[in-house]
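Take a look at the structure set out below.
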Amino acid sequence: MNNRKSNYLKNQKMGNIYWGYLMIAPTMIGLFILNIFPIFQTLYLSLTKSGAFGKVTFIGLKNYIDIFHDKLVIQSFLNTFIYTILTVPVGVFLSLTAAVLLNSKIKGKTVYRTLFFLPVVSVPAAVALVWRWIFNSKFGFINNILSLLGVKGINWLTEPKFAMIAIVVVGIWSMIGYNMIVLLAGLQEISPTYYEAAEIDGAGPIRKFFFITLPLITPTLFFVIITTFISSLQVFDLIYMMIERTNAVLPKVQSVVVLFYRYSFERNMKGYGSAIITMLFFVILLITYVQLKLQKKWVHY
């Protein structure tokens, strides 16, 4: 009797395991085909040279050696780091500020949330084209405002320093909506009893923010920072749509992903392009590893 019961439970457990694997199979197959397999394919392509009619020749590490002598690659990595360093701190700060304001007792919170979240649901290419018009040096919105104030218009998208500022502004504007929603969810998880206890002790809004809100929201803040870092290092659509191929300023603002696209698909140098994007992959991996190590010092779980 005991053996029959034990076999029944064992068979039921095995059945549950098989059903579990069957349920996650579509996701696992998609993950392997769309994410894992392309990683190994890119690693292999980075060791080859593409020829005519799809011919591929194995050349070892030559692409990686050539990268360190390519000024365009070095400049694109520099551009990407500048964009990330300028975008992430300001973007996260503004997202946190918006989330804190929307978490307070103000009227029309739903309207404000919708306005902040609109850039997230908008098509990136359309967003970039609108901002390209806003920053146009001849008939753009910003230069029209400046001319009304008696200030000479700025060549926003044709001078390197102003082009990078324009791209950074659009990048920050694009990221606030999503980050704000994530941080807002984190803020609403904080129990009101902490604030009630602090009020009894006479704590003001600033002390409550720095001693209650900020420490308790650090896990969410860490998630926002790490995902924003990764997405900023992979910036592509904003630069690709805002800066024309014939624009002389392109080498001074193009990111690594834009350069990867140009080499791989415009010049048909898929091996060299794969080596560039593999380098970026390892840079992102290293930065993420460092952030994971450092989070133990400031994130409170």
Exercise for the section: Please go through the range 241-289 and pick out each residue that is among the hydroxyl-bearing types (Ser, Thr, Tyr), surrounded by 19 or more Cβ atoms within 10 Å (Cβ to Cβ) and more than 25 Å from Gly51 (Cβ to Cβ). Expected result: Ser255
Fill in the blank from the handout: Residue pairs qualifying under the 6 Å Cβ cut-off, at least six apart or on distinct chains, with the first in the range 100-124 being more than 27 Å from Ser191 (Cβ to Cβ) and the second being charged (D, E, K, R) and assigned to a helix (DSSP H, G or I), are Pro124/Asp237
Exercise for the section: Can you tell me which residue among Thr27, Thr48 is touching a strand residue (DSSP E or B) at 6+ places or on another chain (Cβ under 6 Å) and not hydrophobic (A, V, I, L, M, F, W, C)? Expected result: Thr48
Problem - Members of the range 237-254 that are within 15 Å of Leu78 (Cα to Cα) and in a loop (DSSP other than H, G, I, E, B) - result: Val249, Gln254
Problem - Hey, Leu115 part of a helix (DSSP H, G or I), open to solvent by less than 80 Å² (accessible area, probe 1.4 Å) and over 26 Å from Glu244 (Cα atoms) or not - result: no
Completion exercise
For the range 171-189, pairs from a residue that is under 20 Å from Tyr240 (Cβ atoms) to a residue that is modelled with pLDDT under 90 and of a type outside the set (A, V, I, L, M, F, W, C), with Cβ under 7 Å and 6 or more apart or across chains, are Trp173/Pro119; Ser174/Pro119
Problem - Close pairs (6 angstrom Cβ cut-off, 6 or more residues apart or separate chains): open to solvent by 40 Å² or more (accessible area, probe 1.4 Å) in the range 37-64, among the charged types (D, E, K, R) anywhere - result: Leu45/Lys270; Thr57/Lys49; Ile59/Lys49
Exercise for the section: Answer yes or no: is there a residue in the range 268-278 that is more than 22 Å from the chain's Cα centre (by Cα) and not in a helix (DSSP H, G or I). Expected result: yes
Practice task
From the list Phe222, Phe211, pick out the single residue that is within 30 Å of Leu96 (Cβ to Cβ) and open to solvent by less than 70 Å² (accessible area, probe 1.4 Å).
Solution key: Phe222
Practice task
Take Ile85 and decide whether it is closer than 18 Å to Asn179 by Cα and either part of a helix (DSSP H, G or I) or in contact (Cβ under 8 Å) with a residue 12 or more places away in the chain (or both).
Solution key: yes
Handout entry: Extreme residue, least open to solvent (accessible area, probe 1.4 Å), among residues of the range 132-188 that are among the charged types (D, E, K, R) and part of a loop (DSSP other than H, G, I, E, B)
Key = Glu159
Problem - Subset of the range 181-237 (residues that are in contact with a Gly (Cβ under 7 Å, 6 or more places away or on another chain) and more than 30 Å from Val256 (Cα to Cα)) - result: Ile217
Exercise for the section: Identify the residue in the range 190-235 that is assigned to a loop (DSSP other than H, G, I, E, B) and in contact with a Leu (Cβ under 8 Å, 6 or more places away or on another chain) and, among all such residues, is farthest from Gln291 (Cα to Cα). Expected result: Ile190
Practice task
Filter the range 43-66 down to residues that are touching a Phe, Trp or Tyr at 6+ places or on another chain (Cβ under 8 Å) and assigned to a helix (DSSP H, G or I), then give me how many there are.
Solution key: 2
Practice task
State which residue is least open to solvent (accessible area, probe 1.4 Å) when the search covers only the range 68-79 and only residues that are hydrophobic (A, V, I, L, M, F, W, C) and within 28 Å of Ala166 (Cα to Cα).
Solution key: Val73
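The values are calculated or read from the model by the stated rules, or taken from the named source; none is laboratory data. From a predicted model like this one, the values you see are computed outputs, not experimental measurements. Ideal geometry is used to build each Cβ from the backbone, glycine not excepted, and the neighbour counts take in all protein chains shown. Calculation scope for accessible area: heavy atoms of the full protein, side chains included, ligands and nucleic acids excluded. Shrake-Rupley method; radii C 1.70, N 1.55, O 1.52, S 1.80 Å.
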